Structures are given as structure tokens and as C-alpha cells.
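So the structure is just underneath, and the comments pick up after that.
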Amino acid sequence: MGVAGAASGSGGWTSGPAMDRDEVDRALTRLGAEHEAIESSLLALQDHAGRRLLEGAELTGVTKDRWAAAEQAIALLWGYFDAYSAALTGIRELRSRRRWPGREDLAELTERLRGPGVTVAAPAAGAALAIGGPARLSERFSLEQLVERMNELYASSLDVVVTADAVWSALPARIDLLSAELQRTRSLAHSVGVRPGEHPSGDELEEITHELSALRAQVISDPLAFWRPARGSSAPGGGRPDTDRYDRAARALEDIRREIEAVLRVRQDSEERLMRLRDVLSRADRTLAEARSARGEVLAKIAATEVPAVSGPPTALQERLGTAAEYRRHSRWHRLSPLLETLEREAEDELMRARESLTAVTAPLAVRAELRGRLDAYKAKMARLGLAEDPLLIERYDVARRMLWSAPCDLRVAEQAVLRYQGAAAEALAQREPGLSRPEDRRGDA
């Protein structure tokens, strides 16, 4: 209670030498300061906002039980304080009788200041019974023991008051702010079609609404149930409010708010995204059509080769794209949002598959084009070296060319013909320049 030196106890009265006048006066000065400090603390407790709220609230649970005990403790405190005040007044009156007290006066003053001379009778003792005290009609204390008892009762009572006030100051205001944000989110969600029974987020918003209402009611009626004491702290009010339930509701609301914002973005750019989807699917369709046409050409022009089949147009995606357009026309944004995300991903996959199919189908034509280019490149080289009229080269070139420019073309046979032409060209070069060996001879030397 802010009383200096009030925490140490004497453990009871033991006889000793009487105090002299100076010791008595110093003791009375100290007791006077203690009396003022105790009175100030009790008046502050009486005027504490938390105590007034507790008195006017309909309490439940642990708060109801602890406040009932705290009320009795506060009533007992005032009874102890009255007894303490009366004892101090009596000692002061005794001391004021004589300026220079005699031996008998000093002995009596010492007895009153140090001995168990303060009797606390009913109703204060009756209050002690109500909070589990011993079954006695009265108790005797020394002044020091009485201060210690008041300190204990004050600390336990103040802890209840301060703790309840801390919870009431922290949680209801935060719950109200979150509830206001919840109402704004619900209104926004309703505008984009996110409603209970139609969308999971609408159901979650209803659950959060019920949770916040229940949480606020419980915090108001039983604040001490939402207090987390600090470990190792015995000071009144040591700890912090337990905000776990509030935090979970806040996180859930934030997740839903982000989802609603995503739906709003869909409403703003849905037409552009639908146009992009149509373009991607159109390109995939054209690519598949080109692959089908190329496959027919390959089958007609290339013999003895495997040509993969080409799938049909992405009709399933086209149907779902039509569904997305319907959602947009009817402002069903909450259904359009996930559908667009899925369609965009699958449309890109479809375009990639179409391109891979075209590449696979046209691979034989690419091989034929490469062989044609290689054959013409070797012919041009032989012409630059003056070997264009070589009969063997002319013969092998004509054979390879007929194979590559005829339909259907057997790529394996055509490739062998090109290799034979290359071999003849290398042999002609070796005969023209004896220092050069044939490619196969160089491979053998290696």
C-alpha cells in the first residue's frame, strides 16, 4: 500500500526495555506517515475505475468468485484501518498528556506501540470468517502485524481490480474495432456475391461474427478468465490479457479480406482476362489445326516413319470459358475468380501441348529439310573446287536428290544416299590432293 517498512513482522509481542521519549515520538511520526499512506491507498482503491466497473457488472465464472472474495477483503480492510486509526489516536492522546512522560507512561506507550494491543472484533472478524479465516469472534494484533495483514488484503484485492480493469481496457475496444472491420468486409463480400450458404468465405464471416459476439460477452462478464499472469511476478496486475481467441479471429478475417480483394480485382479486369483466354485458346486451336495439316503432309511425303496423332481442339476449355463469361454477365464474381485462375493455367498448358504436338509432327519434314540443305551445300562446295563434272558425284547427287525430292520419301534410305554422296566427295578431294586421306582412313589412323 506504499507503506515504508510495513512488510516485516515481529511475530508477536515480547517484553523488553521501555522506549524513551524520543523513541516514542519517532515511532508516532512513522505511524502517522503509515496511516496517511494506508488511507491514500484505500481511497485510491475505492475510487479505482476497475472497482466501480466490477461493482456494476453482472459477473460470471472466476471473476464472480474472486470479486466476491475481494469485496469481503476490502470491507475487512476498512475495519482493520478503523481499528488502526483508533489505536493510533489513543496512543497520541496518551502521549499528549505530559510533555515529559514518566516511567509508567513510557511503559504503557511502549506496550501500545509494540504489543498486541489492537483488538479487531465483529463485524470485521466476521468478514474474516467469510473468506476462510479462523473461527474467532475477535483477533488481537500489534500495530505492525495489523499493517502486514492490511498489506496482504490490499495486494489481493488490488490484483483483482487491476487485472479486470486491464482486460476491460484492452479487449472490448479491440473487439469493437475488429467487429467494425468485419461489418465492412461483410458488406463488401455481399456486393461481390460472397454470401453465407453460397460461398465458404461467407460462412466463415458468419462464424467470425458469432465468435466476436460471444467473445465480447464473455470478456465483459468474466474478464479474469482472459488474463495470463506473468511468471515469477507477485505484483498486483502482473501479466497481460490473453488475446489468443481475438488474434485467431483477426487472422481469419484478414485472410477473407484478401480473398474478397482478389474477387474485386477479378471484377475490375475480368473482361481483359477473358479476352486473353480466348486469344490463348484460339492460338492453341490454330496450332493444332496446323499440326493436323502438317501430319497429313508428312504422311503423304514421308515414308516408313512414325507420325504421332494430333488431339482435337480444346472444346472442354472452350465450354468452361463460356461458363466464365456467364458468371461475368450475372456478376457471380466469387465463382468467376477461381475459375479464371484455373482456366488461365490450363489454357497456357494447352497452348504448350499444341506447340509440342506441331514440333513432333513436323520433325520428319525438318529432317528432310536438313538432308536437302546438307546435299546442296556439298554440291556447291564441289562446284567451287572444280569437281562439279565428276561423273560419280553427279550420279550419287542425282540418286540422293531423287529420293529427297520425291514422295513419299524414305528418310533412312535418303540419309544413306546423302552419306554416300559425301563419301564420294571426300574421295574425289583425296584424289585431287594426294596429301589428304579419306575421312574413314583418318578415323582408322586414330
For A303, distant residues with modelled amide H under 5 Å away: C409, D410, L411
Of the labelled options (1) 76; (2) 56; (3) 60, which one gives percent of Cα pairs over 26 Å apart as computed for this structure? (1)
Just the accessible area per residue of the stretch 38-125, please: how many Å² with a 1.4 Å probe? 54
Of all accessible surface on the chain at a 1.4 Å probe, what whole percent is carbon and sulfur? 51
Can you list residues whose amide H is under 5 Å from W227's amide H, if they're 5+ apart or on another chain and H is modeled 1.01 Å from N? D242
Using Cα springs under 10 Å in a Gaussian network model of the chain, which residue among Q145, Q72, Q422 shows the largest mean-square fluctuation? Q422
Residue with peak Gaussian network fluctuation, the chain [Cα springs, cutoff 10 Å], from R186, R30, R412: R412
The stretch 227-278: trypsin sites (Lys or Arg not before Pro) falling in loop per DSSP and having at most 16 other Cβ within 10 Å: R231
In order through the stretch 67-74: 3J(HN,Hα) via Karplus (6.51 cos²θ - 1.76 cosθ + 1.60), integer Hz, x for Gly, Pro: 6, 4, 5, 5, 4, 5, 5, 5
Say we join alpha carbon atoms closer than 10 Å with springs in a Gaussian network model of the chain; which of R216, R26, R66 then has the biggest fluctuation? R26
Using alpha-carbon pairs under 8 Å, 6+ residues apart, how would you state the relative contact order of the stretch 166-243 in percent? 37
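With loop defined by DSSP as not H, G, I, E or B, and exposure as at most 10 other Cβ atoms within 10 Å, which is the longest segment of the chain clear of exposed GluC sites (Glu not before Pro)?
Here the longest segment lacking exposed loop sites spans 59-305.
The values are calculated or read from the model by the stated rules, or taken from the named source; none is laboratory data. Bear in mind that the values here come from a model prediction, so they are computed numbers and not experimental data. Using ideal geometry, Cβ is built from the backbone for each residue, glycine included, and neighbour counts are taken over all protein chains shown. Just the protein is used for accessible areas: all its heavy atoms, side chains included, with ligands, DNA and RNA removed. Shrake-Rupley method; radii C 1.70, N 1.55, O 1.52, S 1.80 Å.
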